[in-house]
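These notes are about the structure you will find just below.
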Amino acid sequence: MPNPTPRARRSAWRPCPRAPRSRWTPSPGVRAADAAARAGRMELKAPLTTLKGVGPAVAERLQRLGLAEVQDLLFHLPLRFEDRTRLTPIRALRPGLSALFEGCVTHSEVVHRRRRMLVVTLADHQAQILLRFFHFGANQQRRLAPGVRVRAFGEPRGLPGALECVHPEVQAVGATPPAMETHLTPIYPATEGVSQRLLRQLVAAALPGLRGLPDLLPELAAEGLPDLHTALERLHQPPAQAHTLEPADTAAERGPARTRLALEELCAHQLARVQQSRTPRNHCDAPVIQPPGKLWAQLLEQLPFSPTGAQSRVIAEILADLARTTPMNRLVQGDVGSGKTLVAVAAALAAAEAGYQVAFMAPTELLARQHGRNLAQWLEPLGVTVAWLGGRQGAAERGQLLAALAAGQRQVAIGTHALFQDEVQFQRLGLAIIDEQHRFGVHQRMALRDKGNGRMPHQLIMTATPIPRTLAMALYAELASSVIDERPPGRTPVRTALISHERRDEVIERIRAACGSGTQAYWVCPLVEDSEQLEAESAEATAERLREALPELTIGLAHGRMKGPERDAVMERFRAGGIDLLVATTVIEVGVDVPNASLMIIENAERMGLSQLHQLRGRVGRGASASACVLLYRPPLGETARERLEAMRRTDDGFEIAEVDLKLRGPGELLGTRQTGDRSFRVADWGRDQDLLDAATRLALRVESDAPRAGALIERWLGSATRYATVG
Ligand code: ADP
Ligand code: MG
């Protein structure tokens, strides 16, 4: 960290001379908060329903983002920013870079391909661009009539000179042009039914509350970092880039403001960990699970294969843990396709046989459903009852399932992180399995303790993304780890090629040939980090173009905006061979298993994280035939981007790929770090912020003895989890 400047040092936090050294003295911020509370101004701890525009339904959706109190909004940081502070001439637009542009409509037409769409040509005096709309009404059509001047914001695609833009936001430019934004526009992590506009509105409403938020680590100012208020303000309302030399502080590219907050968060986690390790163990013994193993033996007889040596070894390690009163906290790391599910099933069977219930958590609805199906196939013939808790179940069905779980009538519950919700109660929860987890915080353990009715359930975490050892030692010292370092036999390695987008036609020919000879293929569309809507639209447009190019093939489409049953039906048809080419967003990233699919095209591969690419590629190479993966990229490729993609070509060892990813994850790279409800950290990122760990640990050591301050930090960053754990 930079040396403290004299000015910063003067303003550094110091204990009040009259107070004992270890006590935390309220900073001016705290006093202001008290004053604000007395004056009845912004109440940071108030539920979000106290804000205008938030009713119970919206509050529930916000809850999915981890937003419950007004204060949570302040810490809900933008993923990135859009620059709507200036206009870009159409000639200067670049594929893949969102921009604000303006022009006159020169042509507007509704065309009918397989789908109806509105195609509009927008031109300024130098160049033109095509705008495409799939969803439009008569009004929209009128607003985009020839001669109208329009301002648009969107991400152009295609080749320079022949750009098009799918569903840009458009605004008519009247006699007085609309005002430009004065700040960069933040793009927040969002979820279905919660728009960027709403989030911006709510954050703006909460921002005045900043004044009531105490700076708990004022000593960081002495390290040359912004104070808490400045950091948060700068992140929510960054000045236009033209006026500042500082790079935008995005999720991928950590600037001083995010550094300040990540340090505080990591420090709070360290404090929580220390505190947790001091609480007496006897309150949270785990159930001893030591069954005869009859069910497992029965399953082995049914299986068409036998476990690999690595699977057997890891299963033995887990069974040894389960037989102890100390709660298991084991991480199983195993590459894509290494057979982690079977290992989890072995543990689940042991728990069920000993009379305990199992919670099996998957990161996405799609994966939870697939697990639900597979597990039911394996477990139900053995007499083990399985309940799948989905987000879209009817209230009656859900109520029945919840009652059955609470009464101990279902042995295995499968679902997303919603399994941790208050309303999900177990009678005898003995084991929690958490699949495809990439971050591991103390939240879960706290939530789990609550679910175990006084007992701490054993916990098994599975991941295909290995965590770096340094990080594991610092933050997850109590995590035991097992590695499945062997793949089931009979897999053929996937050949990977890097191909420029300009050679897309060749790739299309390759699909024609492959599908013509009976294999199936995936076409994965680019990730749009913050907008499932845009992502879905771009996938629709891609499917449309591929249908034109490949009329002889049956082409299916799967994206995150489709209704569950509708998407299931598509996946089912693909699985059954009724679809040749599946155009999909990254919803197929984890877990989807279709052995006959042996070709995968990944568009804009340079925009995705390596672990994500590896996960995606793991969808092919599952059958006996030779498989291939084409990484399509848009030139020019930066040096780091090239190196990352080269690594994908060179190896299919997930551990090696993860190391490369960490080494190369530098500023400027756009990372595929989509939120999946897995939010152990709010600001920090274990890949990006490893370099902060030492400093955070030192901070925690300094703060630890100052109990009120340590408590306030834990409450701020892990508040809901700690509260959760003490309920019931
Ligand atoms: P992952 O580790 O990615 O979760 P899965 O558990 O989904 O992998 O396993 C991938 C595929 O391999 C599944 O179809 C599974 O049935 C199969 N499989 C698992 N273990 C073995 C084994 N020992 N021999 C052969 N196939 C196996
Ligand atoms: Mg898996």
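The values are calculated or read from the model by the stated rules, or taken from the named source; none is laboratory data. All values derive from a computational prediction rather than experimental measurement. Glycine also receives a Cβ, built like all others from the backbone with ideal geometry; neighbour counts cover every protein chain displayed. Protein only, heavy atoms only, side chains kept; ligands, DNA and RNA dropped before computing areas. Shrake-Rupley method; radii C 1.70, N 1.55, O 1.52, S 1.80 Å.
Taking only alpha carbon atoms, the range 582-626 gives an Rg to Rh ratio of 0.94, where Rh is the Kirkwood radius.
Using a probe of 1.4 angstrom and keeping all protein chains present, the accessible surface of the range 489-594 works out to 39 square angstrom per residue. With a bin width of 5 angstrom, please list the P(r) values of the range 334-426 as percents of all Cα-Cα pairs, from the 0 bin to the one holding the largest distance. Calculated over all Cα pairs of the range 334-426, the distribution is 3, 14, 25, 27, 19, 8, 3, 1 percent.
Element breakdown for the range 292-358 at a 1.4 angstrom probe: carbon and sulfur atoms account for 56% of the accessible area. Evaluated over the Cα positions of the range 489-558, the convex hull gives a direction-averaged projected area, one quarter of its surface, of 6.5 nm². Rounded to the nearest 10 square angstrom, H112 shows an accessible area of 140 square angstrom against a 1.4 Å probe. Report in % the part of the accessible area of the range 496-617 that belongs to carbon and sulfur, leaving out ligands and nucleic acids; probe 1.4 Å. Heavy-atom surface of the range 496-617 belonging to carbon and sulfur, 1.4 Å probe: 51 percent. Placing +1 on the Cβ of every Lys and Arg and -1 on the Cβ of every Asp and Glu, with no other charges, gives the range 132-270 a dipole of roughly 940 debye about its Cα centre. Name the GluC sites (Glu not before Pro) in the range 536-614 that are in a loop by DSSP and that have at most 16 other C-beta atoms within 10 Å, would you? Of the GluC sites (Glu not before Pro), the ones in loops of the range 536-614 whose Cβ has at most 16 other Cβ atoms within 10 Å are E552. If you roll a 1.4 Å probe over the range 57-121 with all protein chains in place, what percent of the accessible area is carbon or sulfur? Percent of accessible area from carbon and sulfur atoms in the range 57-121: 47. The loop-placed trypsin sites (Lys or Arg not before Pro) in the range 477-574, going by DSSP, that have at most 12 neighbouring Cβ atoms within 10 Å of their Cβ come out as K563. Ligands, DNA and RNA are left out, and with a 1.4 angstrom probe the accessible area of the range 597-651 is 29 Å² per residue. With all protein chains kept in place, the per residue accessible area of the range 291-413 amounts to 38 square angstrom at a probe of 1.4 angstrom.
On full extension, the segment bounded by E639 and A172 gains 164.0 nm, given 0.36 nm per residue less the C-alpha separation.
Which FRET efficiency value, to the nearest 0.05, is calculated for L97 and V288 with the Förster distance at 51 angstrom and r the Cβ-Cβ distance? My answer for the efficiency is 0.30.
When you count the other C-beta atoms within 10 angstrom of each residue and take the mean per peptide, 159-172, 310-323, 213-226 line up highest first as 213-226, 310-323, 159-172.
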